[in-house]
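Asks: Take a look at this one; I'll ask things after.
All of the numbers you see were taken from the coordinates with simple rules; none came from a lab. Quick caveat, the model's predicted, so the values are computed rather than measured. Virtual Cβ from ideal backbone geometry, glycine too; neighbours counted across all protein chains shown.
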Amino acid sequence: MFSYLTKRLHLLCLGLLWSTSSANADVQIIYLTPDSKLETEAKQAIVDSDVNLLLVELSKQHFPFKNKLTVRYGGNEGPLYDPQEHTMLMPYSFYNEALQYFKQNQYEEKFGRSAQLGAIDTILHTLLHEAGHAYIEDQSIPILGKEEDAVDNFAAVIMLEYVEDGDNAAISAADMFAFESQDRPEYYQADEYIGEHSFDLQRYFSTLCLIFGSDPQKHNELLNEIDKDLLEERKENCISQYQTISHNWHIYLKNKDNTYF
Ligand SMILES: [Zn+2]
């Protein structure tokens, strides 16, 4: 079974496994038929990982939806959240792309975390990112700034506070942004500066900043690639950034007392 699940969560999930497909569930998972052998393998890896059980349980505990959210795997569109249908679209190819990035970058050899786990970490972060969009829509949460950044923060806070080994999973998800950034040209086109997402490398550092800020002792080395002259200032900033973002998301999350601090 998947390593993210805490023992407590694991037991809960076993009990809830079938009730999650009941009419009252907050989140329903649909798998479209895979189109190829690669997609079949991706589907199997996703099913085996229990990442969807984790999403369903996290939603029940911390971000329950008024209207049932559908997560649909397969097809070519996404990853995205469609507010009209209140549906998240997650193509199988996204898992395969992530897996390729982690393999090409010798993730296991360099960081001791398998490429397969890195790809599932990325799926989890992306599911939570899209669930963040869905929760904002479902709960009419006001967003003052870039929604894309807000839901990256949502994903990080949930992973750091409620998922066992969630800090390492969030590091993998951040690394995926760095891998994607390596494929980019050195300069962005002018129209990309007005895009809805922050640039991949910004998303990488923003995620690392929150991970560091959530536990500066444990993650003391995490920001060391930043210039020495700036490092201490950035570290201080990341600690307060994490506290502010976590506090503000907890205004809208349920069971807000159940945190690590
Ligand atoms: Zn988004």
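Asks: Might you report the magnitude of the Cβ-based charge dipole of the chain about its Cα centre, with Lys and Arg at +1 and Asp and Glu at -1, to the nearest 20 debye?
Replies: 980 debye
Asks: Something else about it: Using alpha-carbon pairs under 8 Å, 6+ residues apart, how would you state the relative contact order of the chain in percent?
Replies: 16 percent
Asks: Give the residue list of GluC sites (Glu not before Pro) in segment 161-261 that are DSSP loop and have at most 10 other beta-carbon atoms within 10 angstrom.
Replies: Here the GluC sites (Glu not before Pro) that fit, given the DSSP loop and packing criteria, are Glu186, Glu196, Glu221, Glu225.
Asks: Give the residue from Gly132, Asn224, Ala178 lying farthest towards the positive end of the charge dipole for the chain; charges sit on Cβ (+1 for Lys and Arg, -1 for Asp and Glu) and the dipole is referred to the Cα centre.
Replies: Ranked along the dipole, the leading option is Gly132.
Asks: Still on this structure, please answer the following. When Lys and Arg each count +1 and Asp and Glu each count -1, what net charge do the other residues less than 12 Å away from Val56, Cβ to Cβ, add up to?
Replies: So the surrounding residues net to -1.
Asks: Ok, one more. Between rounded, prolate and oblate, where does segment 117-212 land on the alpha carbon gyration tensor, with a ≥ b ≥ c its root eigenvalues, rounded for a/c under 1.5, else prolate if a/b exceeds b/c?
Replies: oblate
Asks: Can you list the DSSP H helices in the chain whose Cα atoms extend at least 15 Å along the helix axis and whose mean Kyte-Doolittle hydropathy is -0.5 or higher?
Replies: Helix filter hits for the chain: 51-62, 115-139, 147-162, 166-182, 200-214.
Asks: Something else about it: For the chain, what does -39500 (n - 2.57) per DSSP helix run (n ≥ 4), summed and divided by total residues, give at 222 nm, in deg cm²/dmol to the nearest 500?
Replies: Result for the chain: -18500 deg cm²/dmol, rounded to the nearest 500.
Asks: From the cross-link list Lys43/Lys235; Lys43/Lys218; Lys103/Lys218; Lys110/Lys146; Lys43/Lys66; Lys110/Lys254, which pairs have alpha carbons spaced over 30 Å apart?
Replies: Lys43/Lys235; Lys43/Lys218; Lys110/Lys146; Lys110/Lys254
Asks: How do Leu32, Leu230 line up, fewest other C-beta atoms within 10 Å first?
Replies: Arranged by neighbour count, lowest to highest, Leu32, Leu230 become Leu230, Leu32.
Asks: Can you give the local net charge around His86? Use residues other than it whose beta-carbon is closer than 9 angstrom to its beta-carbon, Lys and Arg +1, Asp and Glu -1.
Replies: Charge balance near His86 sits at -3.
Asks: With the cut-off at 1.5 for a/c, could you classify the chain from its C-alpha gyration tensor as rounded, prolate or oblate?
Replies: rounded
Asks: Sort Thr70, Thr122 so that the residue with the fewest other Cβ atoms within 10 Å of its own Cβ comes first and the one with the most comes last.
Replies: Placing the least packed residue first, the sequence is Thr70, Thr122.
Asks: Add +1 for every Lys or Arg and -1 for every Asp or Glu among the other residues with Cβ under 15 Å from the Cβ of Glu192, and state the total.
Replies: -4
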